[in-house]
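Written out below as structure tokens is the structure these notes cover.
The values are calculated or read from the model by the stated rules, or taken from the named source; none is laboratory data. Quick caveat, the model's predicted, so the values are computed rather than measured. When we count neighbours, we look across all protein chains shown, and the Cβ atoms used for this are built from the backbone with ideal geometry, even at glycine. Only protein heavy atoms, including side chains, enter the accessible area calculation; ligands, DNA and RNA are left aside. Shrake-Rupley method; radii C 1.70, N 1.55, O 1.52, S 1.80 Å.
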Number of protein chains: 2
Amino acid sequence: MARDGKPTRAKILAESKTLVFENGFSGTSIDQILARTGITKGAFFYHFKTKNALAQALIEEFARDDIGHMQEALQKTGELHSDPLDRLLQFIQEFVDLMSDLEDPPSCLYASYTYEPSQFEPEILEFISETLLTWRKTFEQLLENVLKEYNTKVEVDIAALSNLFTVIFEGSYVVSKALNDPALISGQLKELKNYFHLLFEKK
Amino acid sequence: MARDGKPTRAKILAESKTLVFENGFSGTSIDQILARTGITKGAFFYHFKTKNALAQALIEEFARDDIGHMQEALQKTGELHSDPLDRLLQFIQEFVDLMSDLEDPPSCLYASYTYEPSQFEPEILEFISETLLTWRKTFEQLLENVLKEYNTKVEVDIAALSNLFTVIFEGSYVVSKALNDPALISGQLKELKNYFHLLFEKK
DNA sequence: ATATATATACAGACTAGACGGTACAAATAT
DNA sequence: ATATTTGTACCGTCTAGTCTGTATATATAT
């Protein structure tokens, strides 16, 4: 055995994520990561065989946290609400709360990778796709439960509706970064809540 | 005078845009651009002093086209509709039509640049911000006209509503690329139309 | 208990190729 | 003839990745 390498690995991942959001992945050099962390090249390549292995570890960690938030919100709202529309609205509210009082605009690694796709192995891009589909499935389920007890006031495309949350999230991130307006995100999610609120009426 | 350099410049811009959407800006090398266009280094650096000058020309061209679409839609819908809500909905419909029957998911240079901001001069990032604000202003105007003749069924944040179009557009681009589903975009814009349709009621 | 063996974790010099950019000659059109 | 446009060789720097060696903590044998 030897000294514990986990803090080193964690530091690399944390600083790399920050750097990727500033520079993009291909714009982030390993030397930059070393400079920010104070770690040496030997240590870096001990923990990650290649730069692309870092990309994979980054996206896996990001997705784990992301899906974690989803499951947490599912659990919280599952306990409290018997009405499926209330639950859907509260589910979104959880993310309104999560995105309130941000100091800086956050970023999404899915979008970051998606805008320089050639830099990544196909598996990584597929992993992103699958993770987004997990979100869609969750929303499909929430919406189907609503539709058992509610009608919609206009005809809707359930598949499109299921994507809308992710779409608004990703779009908010982009626009909030571009305008440097971190408060924008929660505002957009509230509009989504409004839409669902208006869309459904009790059978 | 000498031979006409405009076709060369145009070819550089066109191929560069494609490459930036594949590789990101910093992931796109000048040699790659030369390989795709068949142009030589001397010609490239005659037309663009630095790689960053190319970035600026790219975003300016992109924004010109983008705002062009906006103005075209404004003009078209201004002629036809006396009712401001009809006009708003038709304005969105113009982009539903524009985004129908796409073969491949399109990309947005604003988002691309926004996810590697350190690669660009501050003026470029500000230019993006200003262009997005132009969209917001247009929507503010369209919405204010609606609000003169309509009430909203729930309280709304007019600023948030004004951003929603851009947010859904940017989000659709990201998700449509990530899922490789070009049809997604028009579907999401239709949901925005639905929202506005449900939100307003005649005074 | 203490010396030894061993796998883990890290340090840092080094390399081959790619990078953006330059210099300057050659070609082209008026 | 001359200004504009293009071709090509070249340069210094940065890049990801390699290599060899070293330090450290634990496991084992005595």
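General remarks:
One line per residue, one yes/no per condition, for (1) among the acidic types (Asp, Glu); (2) within 16 Å of DNA strand C (Cβ to nearest atom); (3) open to solvent by less than 50 Å² (accessible area, probe 1.4 Å):
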{"site": "A:5", "(1), (2), (3)": "no, yes, yes"}
{"site": "A:26", "(1), (2), (3)": "no, yes, yes"}
{"site": "A:42", "(1), (2), (3)": "no, yes, no"}
{"site": "A:48", "(1), (2), (3)": "no, yes, yes"}
{"site": "A:94", "(1), (2), (3)": "yes, no, yes"}
{"site": "A:99", "(1), (2), (3)": "no, no, yes"}
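- The conditions of being more than 7 Å from every other protein chain (Cβ to nearest Cβ) and open to solvent by less than 50 Å² (accessible area, probe 1.4 Å) are not met by residue B:195.
- Long-range neighbours under 7 Å by Cβ, at least six apart or interchain, first residue under 14 Å from residue A:11 (Cα atoms) within the stretch A:39-56, second more than 8 Å from DNA strand C (Cβ to nearest atom) and open to solvent by 60 Å² or more (accessible area, probe 1.4 Å): A:39/A:11
- Flag set for residue A:59, criterion: away from DNA strand C (no atom under 16 Å from the Cβ) and open to solvent by less than 50 Å² (accessible area, probe 1.4 Å).
- Options A:129, A:112; residue that is among the hydroxyl-bearing types (Ser, Thr, Tyr) and free of Cβ contacts under 8 Å to residues at least 60 places away in the same chain: A:129
- Of all residues in the stretch A:138-176, those that are within 18 Å of the chain's Cα centre (by Cα) and open to solvent by 40 Å² or more (accessible area, probe 1.4 Å) total 1.
- Inter-residue pairs, beta-carbon under 6 Å, first over 15 Å from residue A:170 (Cβ atoms) and without any contact (Cβ under 8 Å) to a residue 12 or more places away in the chain and in the stretch A:185-197, second β-branched (Val, Ile, Thr) and not in a helix (DSSP H, G or I), 6+ apart: A:194/B:154
- The stretch A:7-24 - residue that is in contact (Cβ under 8 Å) with a residue 24 or more places away in the chain and hydrophobic (A, V, I, L, M, F, W, C) and, of those, farthest from DNA strand C (Cβ to nearest atom): A:21
- Restricting attention to the stretch A:77-91 and to residues that are outside any loop (DSSP other than H, G, I, E, B) and modelled with pLDDT under 95, the residue that is farthest from DNA strand D (Cβ to nearest atom) turns out to be A:80.
- Residues considered: B:54, B:13. Of these, the only one that is hydrophobic (A, V, I, L, M, F, W, C), more than 11 Å from DNA strand D (Cβ to nearest atom) and in the same structural domain as residue B:121 (by TED's automatic domain parsing) is B:54.
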